[in-house]
Amino acid sequence: MKYYYALTVIGKDKPGIVASVAKVLYELNFNIEDSSSTLLKDQFSMILIISNTSIISLLELKKAFANVRKNLQLSISARQIDAVDQPLKEVKKYMISIYGSDKPGIVYKVTQALCDLNINIVDLKTRVSGSKKDIYIMVLEVEVPMDVNISSVNSTINAISKEMDVDFSIRPIESYSI
């Protein structure tokens, strides 16, 4: 039997964060099942789904990270999760890009519209870019249910695009099976 945990790590970026976290996990015989990390301004952030064949208490896990937390000035949290192997559902995958002048409400309006269409967001990245730091870029990877027509998604995002005075593009993501 496997026991699963979600682990989050956040702190000012510096070399060695990933190696230090991975070392603690290795020493406790954890397997990294899934992970994602990114740099947000000067803050490194990482989330991992880890597993172990032995149950490890959250207190024991917290103690194992004490030195890493202190030495690298990190915020590290963990919680035990239930592992549910969900059957693969039939979806169409798309990449949606939004770009234009930075203003409040872009993320909310787009993500709420996608939620209303029962579209799952599996990845979302945003950046303010440009020489004057005024170009907002948002890229979403989404899973569209088979019963949702992409033209309705396009119409919905187009309406938001006009309202917010931003541009957008939607393109399918090709996938394959081995």
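No value in this document is a laboratory result; all are computed from the given coordinates. For clarity, every value in this text was computed on a predicted model and none was experimentally measured. Positions of Cβ are backbone-derived with ideal geometry, glycine not excepted, and every protein chain shown enters the neighbour counts.
Checked against a 18 Å cut-off, the cross-linked pairs K70/K125; K92/K162; K23/K63; K23/K70 give Cα-Cα distances beyond that limit for K70/K125; K92/K162.
With a Förster radius of 45 Å applied to the beta-carbon distance between D116 and N52, the computed FRET efficiency rounds to 0.70.
Where in the stretch 17-45 does the label zone of E141 land, with the point 7 angstrom along Cα→C-beta and an amide N cut-off under 15 Å? Counting backbone N atoms under 15 Å from the label point, the list is 34-38. Relative to the globular-protein estimate of 2.2 N^0.38 Å, the Cα radius of gyration of the chain stands at 1.25.
Using a Förster radius of 22 Å, what is the FRET efficiency between A22 and Q73 based on their Cβ-Cβ separation? Nearest 0.05, please. Walk me through the numbers before you get to the answer.
Values: r = 18 Å, r/R0 = 0.82.
Plugging the Cβ-Cβ distance into 1/(1 + (r/R0)^6) gives 0.75.
Extension gain, S169-L124: 0.36 nm per intervening residue step, less the Cα-Cα distance, totals 14.7 nm.
Ranking I49, I32, A78 by Cα position along the charge dipole of the chain, where only Lys, Arg, Asp and Glu carry charges on their C-beta atoms, puts A78 farthest toward the positive end.
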